[in-house]
Each structure stands twice: as C-alpha cells, then as structure tokens.
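The values are calculated or read from the model by the stated rules, or taken from the named source; none is laboratory data. Source: prediction; values computed, not measured. As a convention, Cβ positions derive from the backbone with ideal geometry for all residues, glycine included, and neighbour counts pool all protein chains shown. These accessible areas exclude ligands, DNA and RNA; they are computed on the full protein's heavy atoms, side chains included. Shrake-Rupley method; radii C 1.70, N 1.55, O 1.52, S 1.80 Å.
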Amino acid sequence: MSTAPQDEFNPRLNAEYQFNAAADHLQLDAGVREVLRRPDREMTVTIPVLMDNGKLHCFTGYRVQHNFTRGPCKGGIRFDLKVDLEEVRALAAWMTWKCAIVDIPFGGAKGGVECDPKVLSTGELERITRRYTATIMDILGPDRDVPAPDVGTNDQTMAWIMDTYSMHVRQASTAVVTGKPLALGGSKGRREATGRGLMIAMREALKTMKGMPDKVRVAVQGAGNVGAIGALLMHQAGHKIVALSDERGAIHDPKGLDLVAVTKWLDDQGRQPKDKRKFLDSYPATQLVPKEKLLEIDCDVLAPCAIENQIHSGNVERIKARLIVEGANGPTTSLADKALDERGIVVVPDILANAGGVTVSYFEWVQDRMGYFWPEAEVNQRLEEKIVGSFEEVHATAKKNNVSLRRAAYILALDRVASAYKLRGLFA
Ligand code: NAD
C-alpha cells in the first residue's frame with residue numbers, strides 16, 4: 001500500500017505517491033514498476049554566463065528525461081530561482097503520464113535553470129539560454145527530446161534554443177522545440193492551447209456533476225500563459241471570473257471581472273522593460289485581496305494555474321469550490337488531494353487538465369516535420385477532440401474502478417506506458 005509522503009511539499013515524492021497508488025491498483029510487475037518509477041536520464045550542468053556588469057556568473061541547469069518508451073521526450077524548460085532537481089524530476093514524470101493520457105507519441109522530460117528571469121536583461125537571458133542549450137544538446141533533437149516553454153520562458157526563449165541547436169547541426173531544425181514564434185515554425189493556437197484545454201476540461205467535468213450550472217463562477221490563480229489565457233477563454237465562453245491572482249496579489253469581483261480589459265492590461269505591461277513590469281496589485285479600480293485568499297474565495301470552480309503545492313493540508317478545509325481544474329503542474333499536495341476526495345470535491349488532475357499545451361506542441365512538431373501548416377480552426381478542432389476524448393476515457397476509468405479522476409488518469413497512463421514497455425522488450 002502506498003502512503004502519502006512525509007514531506008508534503010516535495011513534488012517528486014507527491015508524484016511518486018500517485019504513481020505507486022496507480023501501480024498498486026494495476027498490480028504492476030515489480031521490475032516494470034521500478035523502471036517506470038525512475039528517470040531514464042538526468043543531467044545537471046553548470047552554465048557560465050558573462051553578465052552585463054562584465055562579471056562571470058555560474059548558473060545551474062537541469063534536464064531530466066523520465067521515459068522515452070513511447071517516443072521522444074517532451075517537456076518544458078523552467079527559469080526560476082526555486083528550480084531544483086527534485087522539482088524537475090517530478091515535472092518530467094508528470095510529462096510522461098500526460099503524454100500517455102492524451103495518447104501522443106512522446107515520453108516525458110523537463111528542464112530548468114536556477115535563475116530569476118525578472119531581474120535579468122534580455123541579453124543575459126539569451127546568453128543563459130544559448131549556453132544551456134549548447135551544454136545539453138547531445139541529448140536534444142527532434143527524435144530525442146523536444147523542449148517547450150514553461151514558467152519563466154516563452155516563445156523568444158524557444159527561438160534562441162532553435163537557433164543554437166540549428167547552428168550546431170548546420171541546418172534549420174525547427175522541430176527541436178515547440179512553442180516557437182509563428183515565423184519560425186510555431187503552430188497557430190499553441191499560445192492559447194493550455195488555457196483552451198483547461199476550459200474544455202472544465203466544461204466536460206461540469207457536464208458530469210449534478211447540480212452544477214453550465215455557466216459557473218471561477219477563481220483563477222496565476223496570470224501567466226495558462227491562467228490569464230484560460231481565464232479569458234472561460235470568460236468568452238460565458239463563465240464569470242470572480243478572481244485572478246499573480247505572485248504579488250489577487251483582484252476580486254463577485255460580479256465578474258472584465259477579463260478582456262485585464263488581459264489587455266497584462267499584455268501591454270508584458271512588453272515593458274523588466275524594471276517597469278506591473279503586477280495585478282497595481283491593476284486599477286478593483287478590489288484587491290491577498291494572493292493566498294484567492295484559493296478560499298467563494299466560487300464554483302477553482303483553477304490553480306501558477307506553481308506547485310498551493311492547495312495543501314493547511315488550507316484545504318477552507319476551499320469552497322466544488323470543482324478544481326489544475327492548470328498548473330502539481331498544485332495540490334497528496335495530503336490535500338485525499339482531503340478533497342473525502343469532501344467530494346471533484347479534481348480534474350493536472351496531467352489531464354493542462355494537457356492542451358503538450359497536445360498542440362505535438363501538432364506543432366508534426367507540422368514542422370511535414371513542412372505544412374494547419375489553419376488555427378483545424379488546430380483547435382483537433383485539440384478539442386483530444387481533450388474531450390481523453391476526459392471521457394479518464395472519466396470512464398474512474399467510474400469503472402470507483403476512484404477519483406486523478407487515480408483514474410494515472411491508471412490509464414501507467415497502463416499505456418507499461419504495455420508499450422512490455423511490447424518493446426528489454427534491450428540487453
Ligand atoms: P507563467 O510564467 O506564464 O505564469 C505563472 C503565473 O503564476 C504568473 O502570473 C506568476 O505571477 C504567477 N504566480 C507565481 N507564484 C504565484 C503565487 N504564489 N500565487 C499566485 N500566482 C503566482 O507560467 P505558465 O506557463 O502560465 O505556467 C503556469 C503553470 O502551468 C506551471 O505549473 C506550468 O508548469 C504549468 N503548465 C504550463 C504550460 C504552458 O503551456 N505554458 C502547459 C502545461 C502546464
């Protein structure tokens with residue numbers, strides 16, 4: 001029997017706890033279980049960078065490839081001061097299960113650099129990105145490992161990775177990263193894909209819940225790629241966004257925020273130089289609340305779209321939402337997850353709810369390799385089919401086994417990867 005981890009806030013232990021519970025359920029062979037539990041490969045690198053002040057500074061970077069049984073590894077790169085190997089290990093494993101749930105031919109990986117992109121100049125960010133890419137490049141490639149953006153990185157970061165890799169292999173290699181600018185082989189719809197997938201997952205979950213209206217009040221934590229775009233798309237679909245937060249503060253309006261205005265304000269400030277960057281606590285004319293309170297606000301749906309470990313044993317009892325859709329990776333600790341389940345709060349787990357991003361990253365990789373690009377409506381239609389189909393499979397697995405959606409998602413994912421592993425057999 002798997003037990004919840006002693007250290008509630010260690011994401012790798014939380015990921016392993018969920019893995020073990022599903023492996024127990026599947027009665028997975030002990031050897032296969034051990035292979036799937038461990039990362040296939042881990043790289044820790046030193047990244048020396050010449051800073052704008054003329055001094056040399058060494059950053060630490062990681063790339064963890066959790067599993068490539070079903071195809072090349074896929075997973076984002078995070079630039080954040082709190083990045084460490086345990087976090088990257090957890091994020092890499094979640095990518096393996098996520099790709100399996102939406103049934104795309106990838107394994108899981110994740111990368112990270114310990115740095116604070118908010119205090120670095122564009123030149124410093126470019127030099128970090130290029131040196132990190134050059135250092136880990138032996139394990140990258142369109143058929144090996146394909147990075148994408150995550151917290152603290154964006155399409156410009158992906159363009160630098162693509163260029164650095166291409167200069168080394170002496171050809172333009174667009175398929176080595178996804179989440180690129182459109183002008184470099186990016187896919188239409190990729191920027192919005194995670195938020196769109198989140199909105200679709202929420203809609204599908206609502207259909208299965210008795211007594212829930214089809215138009216709901218949503219609180220969204222995180223105002224980045226996932227949170228801000230997810231909130232805007234939900235708003236456009238007729239839902240009421242009652243609160244939105246970032247790392248500094250939260251804005252709250254029980255009558256519903258004007259998400260078009262909020263996103264416009266966020267987009268404008270996103271292009272400001274780093275020292276002029278604004279946060280939601282300076283958003284004009286709205287009620288401000290402390291960012292922690294967002295999770296406890298009166299709403300029907302809570303969408304944590306920021307970072308790990310936000311819903312934990314210390315605040316889980318105060319959560320009022322009946323449905324949680326996890327835009328972020330690992331926002332709920334295992335202890336809190338158990339408490340939510342006991343209270344009958346439905347959780348659409350991260351590895352399903354935020355799989356829209358990797359799904360359209362897969363479409364981008366396919367388009368790059370074909371050299372033929374789809375209209376945005378086609379991308380969105382294919383994304384819709386993937387998320388709806390995956391939700392239905394996870395929901396059916398949950399009903400059949402009388403387990404939560406999270407447990408069902410892990411059961412489905414582990415079963416797919418384990419079956420592929422057994423079919424390949426062991427190269428000795
Ligand atoms: P981002 O850097 O664009 O945005 C992160 C947002 O979270 C920012 O608004 C930041 O201010 C806010 N934030 C940070 N700490 C916070 C806190 N304590 N309280 C409230 N807000 C806080 O990052 P993103 O790409 O939107 O990623 C967010 C999450 O979604 C991460 O867990 C990431 O791994 C996951 N995710 C991202 C994608 C993608 O396509 N970008 C896909 C799948 C999953």
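General remarks:
- Dipole magnitude of region 192-353 about its Cα centre (Cβ charges: Lys, Arg +1; Asp, Glu -1), debye to nearest 20: 360
- Taking the C-alpha atoms of the chain, convex hull volume expressed per residue in Å³: 141
- Lys, Arg +1 and Asp, Glu -1 on Cβ, resulting dipole of the chain about Cα centre, debye, nearest 20: 420
- Label-zone membership for region 222-251, site LYS320, 7 angstrom Cα→C-beta point, backbone N under 17 Å: 240-245, 250-251
- Solvent exposure of the chain as accessible area per residue, Å², 1.4 Å probe: 42
- Most to least packed among 136-143, 171-178 [average Cβ atoms within 10 Å]: 171-178, 136-143
- Share antiparallel - DSSP beta bridges, region 192-353, percent rounded to 5: 30
- Length released on extending from LEU184 to GLU342, taking residue separation times 0.36 nm less the Cα-Cα span: 52.1 nm
- Theoretical FRET efficiency, 1/(1+(r/R0)^6), r = Cβ-Cβ of VAL119 and ASP253, R0 35 Å, to 0.05: 0.65
- Dividing the summed helix terms, -39500 (n - 2.57) for each DSSP H run of n ≥ 4, by the number of residues in the chain produces a 222 nm estimate of -14000 deg cm²/dmol to the nearest 500.
- Debye intensity ratio I(q)/I(0), log10, region 39-175, q values 0.19, 0.22 Å⁻¹ (C-alpha model): -1.06, -1.37
- Alpha-carbon centroid distance for the pair region 98-113 / region 1-27, whole angstrom: 19
- The distance between label points at ASN402 and VAL260 comes to 5.0 nm (points 7 Å beyond Cα on the Cα→Cβ vector).
- Dipole in debye (nearest 20) - region 282-428, about Cα centre, beta carbon charges: Lys, Arg +1; Asp, Glu -1: 480
- Heavy-atom accessible surface of SER313, to the nearest 10 Å², is about 70 Å², with a 1.4 Å probe and all protein chains retained.
- Entry note, the chain: relative contact order of 17 percent, from Cα contacts under 8 Å with a spacing of 6+ residues.
- Rounded to 0.05, the FRET efficiency of the ARG41 and GLN156 pair, given R0 = 22 Å and the Cβ-Cβ distance, is 0.20.
- If you plug the beta carbon distance of SER166 and ASP267 into 1/(1 + (r/R0)^6) with R0 = 22 Å, you get a FRET efficiency near 0.15.
- Percent carbon-and-sulfur accessible area, the chain, ignoring ligands, DNA and RNA, probe 1.4 Å: 51
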